[in-house]
Amino acid sequence: MKSSAIVLLAAMGSLTVQAQAETEPVQERPDKQAPLPSSPKMSDQTYLTPRSLSAIPEGAFGDKVRLGYQLFVNTQQLRDKYVGNELNCVNCHMDAGRKANASPLWGAYFAYPAYRKKDDKVSSFEERIQGCFNYSMNGKAPASGSPELVALSAYAYWLGMGGLMDEANISGPVPEISDAELVKGAKRDDFPVPEALAKAMTVEQRANLPGRGYPEIPKPEQAYSPERGKAVYVAHCQTCHGVDGQGQAIAGVYALPPLWGPQSYNWGAGMHRVNTAAFFIHENMPFGKSMQLTNQQAWDVAAYINSHERPQDPRNKGDVKQAQDKYHNDSDYYGVTVDGKVLGTDSYPVFPKKS
Amino acid sequence: MKIVRFIIGVAFFGAYINTTQAQSDTAPSLPPSGQLCISCHGAQGQGMEPLGPRLAGLSTEYLVKQISDFQAGHRLNATMQPMAMVLQGESVSQVAAYFSAQTVPVVTAELRGQHVTFTDTAARLAYQGDWARELPACVTCHGPSGLGGGLFPRLAGQQASYIKTQLQAWQAGTRKGDVDGMMASVANKLTIAEIDALANYFANLK
């Protein structure tokens with residue numbers, strides 16, 4: 001235990017050095033934080049089960065996986081370095097990215113690199129995570145190949161590969177692969193997998209694991225309405241997320257996250273879209289699923305939450321209308337007038353310092 | 001030796017004066033109707049096991065809600081229900097503020113991720129839950145180390161016997177008042193062994 005703690009500290013030390021040397025601005029591109037299409041939920045569906053965290057091996061590779069887990073559940077350790085709000089990855093990816101239908105890391109890892117028609121560009125897994133930092137975390141993404149992106153990729157890979165090996169009855173530890181391989185993601189013919197797994201499943205099958213993303217729900221019977229959504233929010237959400245949507249901190253930790261305002265995800269995050277939020281909420285809220293919202297309630301409350309001001313879309317070059325036309329009008333409220341104000345015109349700063 | 005004792009005595013006395021002065025300046029006082037509470041909960045709300053749980057350090061918001069839950073019959077307890085009826089009007093918030101302001105031992109918050117794996121089942125449930133059963137981590141709502149805040153009670157340092165009876169009360173339906181049955185849903189998934197383990201875990205957090 002002690003030795004692994006020392007290794008971790010040493011790793012942290014090198015992170016700091018890396019960050020100071022890193023001055024290159026993050027490349028901007030028209031990333032829409034597009035969700036991965038999910039497969040329809042079926043009642044008898046079984047899902048990939050990642051191995052227990054206690055199975056993470058000792059050694060340098062295991063340390064990367066462990067660091068990935070630690071960054072995922074306590075992303076605030078990167079506050080002011082790469083993170084500009086009070087969120088942690090685990091807020092939207094339940095069970096530390098392990099849970100099916102809560103956009104599990106294992107589902108995403110095997111779905112990247114992904115070609116995006118809209119951008120005519122192939123995004124690697126680390127580029128997708130960079131998007132999370134730039135938008136969901138309202139921060140500044142770590143550089144390609146940085147220890148943080150390697151660690152998060154290693155954690156995602158380890159979760160997915162271990163689960164797939166177990167399904168294919170392949171015993172033994174998850175094969176260690178290089179950092180360069182890790183950050184690319186697994187949806188490619190040259191991705192190294194055990195031979196038995198390559199025979200058992202095609203790349204395409206591995207890229208479409210059941211439980212990936214947030215399961216879609218049918219369109220609402222009535223057009224979604226923030227007004228009705230407010231009543232849903234008051235009844236089912238505000239005990240944890242606060243009357244004002246600003247979450248609740250205990251001992252400085254927002255385990256109950258802010259949903260709008262300066263400390264939440266920005267206007268470029270996938271979750272700002274009403275459909276994405278509705279899918280997430282219907283499947284994963286109220287936390288621990290003590291009751292089930294109707295489809296209509298999920299759409300309405302998603303509309304209520306996402307029709308509040310939040311941090312600016314980092315792709316906005318100074319003109320809300322222009323940014324709206326280029327990146328929005330997509331089941332979302334950016335540039336839309338709510339209560340007499342155009343959302344996006346009074347947005348909060350991108351990547352503000354906490355202290 | 002005697003001198004040393006004297007110095008220690010003076011130091012403690014000085015500290016005592018300081019804290020009592022500091023409290024009398026800022027701390028709320030207990031209204032007359034609240035005098036009843038201290039026979040079971042202690043003068044500083046430190047709790048008297050097994051008569052009454054610790055109230056010190058619980059949030060005002062939580063305490064007010066509990067008194068109202070006893071009054072409304074959401075919490076069934078032969079002793080506390082009539083006691084709660086004694087408190088009416090603004091004395092409810094005064095009593096709550098008084099006990100909330102009482103000091104409790106400092107517990108160092110353990111953040112998520114400080115441990116990746118746990119040998120202790122209770123610690124694992126507290127920090128990682130068991131999602132195969134849709135059981136979230138306790139610390140998600142109760143905060144790091146169960147320090148509590150708002151409507152979520154502090155668990156750190158609470159009596160183990162009390163935490164246990166409450167989890168059982170949630171299971172039995174004799175304690176209600178949670179939104180959407182969230183706490184009942186969690187409690188109902190716990191085994192009796194897990195309840196025992198969790199009660200001891202939180203009670204003994206330092």
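Computed from the coordinates by the stated procedures, all read-outs in this text should not be read as laboratory data. Bear in mind that the values here come from a model prediction, so they are computed numbers and not experimental data. Don't worry about glycine lacking a Cβ; one is built from the backbone with ideal geometry, like all the others, and counts go over all protein chains shown.
Structure above, values below:
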quantity	calculated
Tilt relative to chain A, helix A:295-305 - C-alpha long axis, 0 to 90 degrees, to 10	80
For A:Y348, residues with placed amide H under 5 Å, excluding near neighbours	A:R310, A:Q312
Net dipole in debye of the protein assembly as shown [+1 Lys, Arg Cβ; -1 Asp, Glu Cβ; about Cα centre; nearest 20]	620
Degrees, to the nearest 10: A:147-167 long Cα axis against longest axis of chain A	70
Cα-based reach from A:K289 at 21 Å (exclusive), listing lysines while leaving out same-chain residues under 8 positions away	A:K41, A:K99, A:K230, B:K176, B:K189
Folded to 0 to 90 degrees: helix A:274-284 orientation relative to chain A principal axis, Cα	60
Aspartates and glutamates whose Cα lies under 13 Å from that of B:K206, excluding same-chain neighbours fewer than 8 positions away	B:E110
Simple Cβ-charge dipole of region B:53-206, Lys/Arg +1 and Asp/Glu -1, about Cα centre, in debye nearest 20	160
Amide H contacts under 5 Å for B:D130, placed H, 5+ residues apart	B:L135
Candidate lysines - alpha carbon under 17 Å from A:K354, same-chain residues fewer than 8 apart omitted	A:K81, A:K140
Cα Rg, Dmax (largest Cα-Cα span) when computed across the protein assembly as shown, Å	25.6, 85
For A:M201, A:M165, A:M291, A:M42, order by how many other beta-carbon atoms lie within 10 Å, fewest first	A:M42, A:M291, A:M201, A:M165
Region A:111-179-region B:49-119 distance, computed between alpha-carbon centres (Å)	44
Built amide H within the under 5 Å cut-off of A:A255, gap 5+	A:I250
Using θ = phi - 60° and Karplus 6.51 cos²θ - 1.76 cosθ + 1.60, couplings along region B:93-108 (whole Hz; Gly, Pro as x)	6, 5, 4, 4, 5, 4, 5, 4, 7, 5, 6, 10, x, 6, 10, 6
Pairwise centroid distance, computed over Cα atoms, of region B:159-204 with region A:188-216, Å	41
